[in-house]
Amino acid sequence: MALETESAPASPTHSTHPPAGPTGVAPPTRVKSASAHNTLRKNSISSSNLLEKGSKLSQHSGSSQNLSSQNQRRPASAESCCGAAFGSSLPPLPVSVIQDMKNVMAMSEIKTEIGFARAWLRLSLEKKLLSKHLGTLLSDAELLRNLYKRYAFLRCDEEKEQCLSYLLSLNAVDYFCFTNTYTSTRLAYRVVLFTSKKMSAASTTANAWVCLSGTLGHTSKIPLNKSNPNQIVFQHKNLGLLSTLRLGHDNYGLSPKWLVEHVIVRNEMTGHTWKFPCGRWLGRGIDDGSLERILVGEMVPAHVSSDDLIQSCRTPPRCRSPNPVGPRRTDVRLSVADIQQLLGDAVNNLVKFFFKPEKERGGSLTLLLCGDLGLVACLELVFNFGFKSTRFFGKNLYLWDYFERVEQEFQVTLREEQERLQLTGLARTDSSAIIKRKFTLLIDKINKKTTHLGKDDKFQLFMCISAREHLLHQLLLPLHQCAATSHLYEEAAFLRDPQLLKELINVLAATAEFDIVLEDSLTRGIDN
């Protein structure tokens, strides 16, 4: 299996660099004299020599067992590792000075010893292991005697312990100084899929694939091995911080229907792990008929162990991506006040995001839009409130079915308006015709370019693009006035109650003040 590794151009991101020094560590408050500092090391030995000799120390003290176990998990290529471990498992990454050094030494873009030392420091800092790794290296008194004079900073036990305690406090902050600095290095990514416990839904005969997107690029479609579609490890140019994952198949075979609960992706070098909740079917004739799901991930905190993460993935997600509608939802029915509060919080989070300077913006805009309790999820609650989705005869309706009915009604209205213009030469002065035309064009584009997407994913895509084009608050009044709304919604719904509609328009008008830039994985090539 040959993997394509085309990547989008890297976007500049803010990076945090560790302070420079003899060993890449900031000097403590107590400073030696200038003469002592100048003669700190013998024969001008660089910090990379200490790291190299320290790796021999760690290997001698028993770290070889971690190295051998990690080498078994670290494949040379995706082809050799697709079926290495059957089933949904996430082996813990070893805490090993040797393995981190070997990973850094394998980076082809670094040419100097000091460059390798800086890369190792950045990697250790990002993994929150800098204090632990340096403590391991500095624990060998013989190594320090060979490299440093007796009055050196690192030979003083009191100063050394104080420095390590300072470095330990850095673990309270999340650094991405390695990820954002070495943007062209190739990294290994492990993808683990957790499917349904039901035998009929746990596997598929179709040809499945995944596609990852991050702040520094995206992959092409990576096919999953049919013998073990639940796990794959592949190498790719640094993707940065992951944001979205596309999961799909071609509906091939006798039993293509597939129920995926969660997807876990881990960067095998930095240890960063992302969890992508799904909880939806893939396949024609079930759920909303989608052959592809667009999942939005969130980084797993570093203190969560692999065992705890796997245990949390054994059950269906609380928030599905995208959420099912109508009677299929398992959530407690929310009141109008609850929905208004959630929507207000989602809009406020977007406002706070854009009011911060670009370098200080924490989190992902995609997560604020499509994540758990994001803008799209709250709008889904708004449109589902009072929606008559249940049918005694035939399939239940989706929100996308409602949108398509509105599109047909708008097309009739626009044709009548065009005929009136040709007869009288008088055009309407309000902007409703422009809004209706934009609505019908967008619905038509989505239906033509996303044939593999289900109805719920199309709704999510529509809402994202409408937010980008500042159409959300402008669409509500035309929707309120169309006959399809009166037919498919109860009187207490947001789209039918005049007071609720007015408040909804005022809240969503705040999103029109910002330029929302969507990822390519969300827009699917749909332009303005």
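In cubic angstrom, how much convex hull volume per residue do the alpha carbon atoms of the stretch 437-512 span?
On the way: hull volume 7.4 nm³, N = 76.
Once divided by residue count, the hull of the stretch 437-512 is 97 Å³.
Output the peptides 491-501, 253-263, 156-166 sorted from most to least packed, where packing is the average of other Cβ atoms within 10 Å over each peptide's residues. Display every interim value, and only then the final one.
Numbers: 491-501: 16.1, 253-263: 19.6, 156-166: 14.3.
Those peptides, ordered most packed to least, come out 253-263, 491-501, 156-166.
Summing +1 for each Lys or Arg and -1 for each Asp or Glu, what net charge is found among the other residues whose Cβ lies under 12 Å from the Cβ of Tyr489?
Details: positive: Lys388, Arg405, Arg496; negative: Glu490, Glu491, Asp497.
Value of the local net charge: 0.
What are the radius of gyration and Dmax of the stretch 143-288, computed over its Cα atoms and given in Å?
Spelled out, the Cα radius of gyration and Dmax of the stretch 143-288 are 22.4, 76 Å.
What is the spin-label model distance, in nm, from Gln235 to Asp444 if the labels are put 7 Å beyond Cα along the C-beta direction?
It works out to 4.9 nm between the two label points.
Report the full-extension gain for the segment Tyr252 to Ala512: residue separation times 0.36 nm, less the Cα-Cα distance, to one decimal in nm.
On the way: separation 260, 0.36 × 260 = 93.60 nm, distance 4.29 nm.
That pair, Tyr252 and Ala512, stretches by 89.3 nm at full extension.
Cut-off 19 Å, label point 7 angstrom out along Cα-to-Cβ of Asn228: give me the residues of the stretch 187-203 whose amide nitrogen falls inside.
188-196, 202-203
Over the stretch 397-518, how many pairs of lysines fall under 23 Å by alpha carbon, counting only those 8 or more apart in sequence or from different chains?
Close lysine pairs under the 23 Å cut-off: 15.
Report D for the stretch 358-508 in µm² per second (integer): Stokes-Einstein, Kirkwood Rh on Cα pairs, 10 °C, 1.306 mPa s.
94
If packing is taken as the mean number of other Cβ atoms within 10 Å per residue, what is the order of 122-133, 196-207, highest first?
On the way: 122-133: 22.1, 196-207: 14.9.
Order by mean packing, descending: 122-133, 196-207.
No lab work stands behind these numbers, since they all come straight from the coordinates. Everything numeric here is computed off the predicted structure, so don't read it as measured data. Glycine also receives a Cβ, built like all others from the backbone with ideal geometry; neighbour counts cover every protein chain displayed.
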